[in-house]
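The values are calculated or read from the model by the stated rules, or taken from the named source; none is laboratory data. Given the structure is predicted, the values throughout are model-derived calculations rather than measurements. Note that each Cβ is placed from the backbone with ideal geometry, even for glycine, and that neighbours are counted across all protein chains shown. Areas reflect the complete protein model, heavy atoms only, side chains present, ligands, DNA and RNA absent. Shrake-Rupley method; radii C 1.70, N 1.55, O 1.52, S 1.80 Å.
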Amino acid sequence: MEELILYPNAHTLLNSIRSLGYSLETAIADLIDNSISARAKKISVRYSPNDDPYVAILDDGSGMRPEELTAAMRHGSKDPCDVRAANDLGRFGLGLKTASLSQCRKLTVVSLKDGTLSGRCWNLDLIAKREDWVLCVLSSREMEQLPLMDNLLRQESGTLVLWQHLDRLEAGERSINIALGEKMDLVREHLRLVFHRYIGGEHGFERIEILLNENPVATYDPFLTWHPATQPLQEERLKIQGNDVLIKPYILPHISKLSPNELRQAGGEEGLRRYQGFYIYRNRRLIIWGTWFRLTRQQELSKLARVRVDIPN
């Protein structure tokens, strides 16, 4: 039987995976996953609508050597069946590329490790022109001209992810300035919920600082554990394939015991009902929330019930 090696068309495939369903906030959260996996303690999301608009994520994590960065830029850089490190939030080796290219046409990553600076770039316009998987290797001069490079170079190690040619953000908008500002408000709300256990800090774990244009992102606790009227119930531990799954229910305070500000933090009267249910965390990172998984319907009698479920990676 004859065999053929049939490579996908680079331009067609990359444009297809741009429509995987990322929003701006979920795309940025995927990149923050990578920063946390790299043991970053400070993650800065920066954006500018002026001149050449960009969105950037800068961390102070372990960084990557040139060969590691090249591997990280490969689509499908990790085997999903591999056992990951305990702090690793990745799975398929696609997040950096698919999340980024869902929002921009030019993805540049610069990383600093062991005193060595390296940069790689996927440019969809160049790929369309060359009709091949062309990954650009940046020179020192090209890296020096990038936004936030001074910030990266002041660190011992870290990684800068830069999005340019923001065609998806600009589409249908009269002003990229207004559009980017409004969407970044949604990003802030998403990050403060999804990473609330990292931002707030937990016993036995170091706190991670996330900033949005230099303003710290505050934590948001969906269980209102700080409120004296919240009722934490007994935790249950299940053993599944040798791993611990922890289940801890909470009963939120009745609306009459919440101040207007506290009620707002709980999602408002409508939010109490809409956000009831399970909150699934993978390595303390919130991945699914506000659902009963069809075990029951969202209803008035259960609107104060929220169940935290911790699964390993």
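Here PRO222 fulfils each of the conditions (1) farther than 22 Å from SER302 by Cα; (2) in contact with a strand residue (DSSP E or B) (Cβ under 9 Å, 6 or more places away or on another chain) apart from (1).
Note on region 208-231: among residues that are among the hydrophobic types (A, V, I, L, M, F, W, C) and not in a loop (DSSP other than H, G, I, E, B), the one that is surrounded by the most Cβ atoms within 10 Å (Cβ to Cβ) is ILE210. Just to verify a result, which residue in region 105-158, among those that are among the β-branched types (Val, Ile, Thr) and surrounded by fewer than 15 Cβ atoms within 10 Å (Cβ to Cβ), is farthest from PRO8 (Cα to Cα)? Going through the qualifying residues, I end up with THR116.
Listed here are the helices (runs of 4 or more DSSP H) enclosed by region 5-82 that have at least 1 residues being under 15 Å from VAL109 (Cα atoms) and without any contact (Cβ under 8 Å) to a residue 40 or more places away in the chain: 66-72. Just so you know, in region 1-22 the residues that are within 17 Å of LYS129 (Cβ to Cβ) and of a type in the set (A, V, I, L, M) include one that is surrounded by the fewest Cβ atoms within 10 Å (Cβ to Cβ), and it is LEU13. Figure legend. Inter-residue proximity from region 278-299: first residues touching a residue at least 40 places away in the same chain (Cβ under 8 Å) and on the phi > 0 side of the Ramachandran plot, second residues open to solvent by 40 Å² or more (accessible area, probe 1.4 Å) and aliphatic (A, V, I, L, M), beta-carbon distance below 8 Å, spacing 6+ or different chains. Indicated pairs: ASN283/ALA86. Candidates are the residues of region 193-207 that are touching a Ser or Thr at 6+ places or on another chain (Cβ under 6 Å) and free of Cβ contacts under 8 Å to residues at least 40 places away in the same chain; the one that is least open to solvent (accessible area, probe 1.4 Å) is ILE199.
Tell me, please, whether a residue that is under 30 Å from PRO222 (Cβ atoms), in contact (Cβ under 8 Å) with a residue 24 or more places away in the chain and of a type in the set (D, E, K, R) can be found in region 169-183. Looking through region 169-183, at least one residue is under 30 Å from PRO222 (Cβ atoms), in contact (Cβ under 8 Å) with a residue 24 or more places away in the chain and of a type in the set (D, E, K, R). Taking GLY76, is it open to solvent by 30 Å² or more (accessible area, probe 1.4 Å) and at pLDDT below 95? Yes; evaluated as a whole, the condition is true for this residue.
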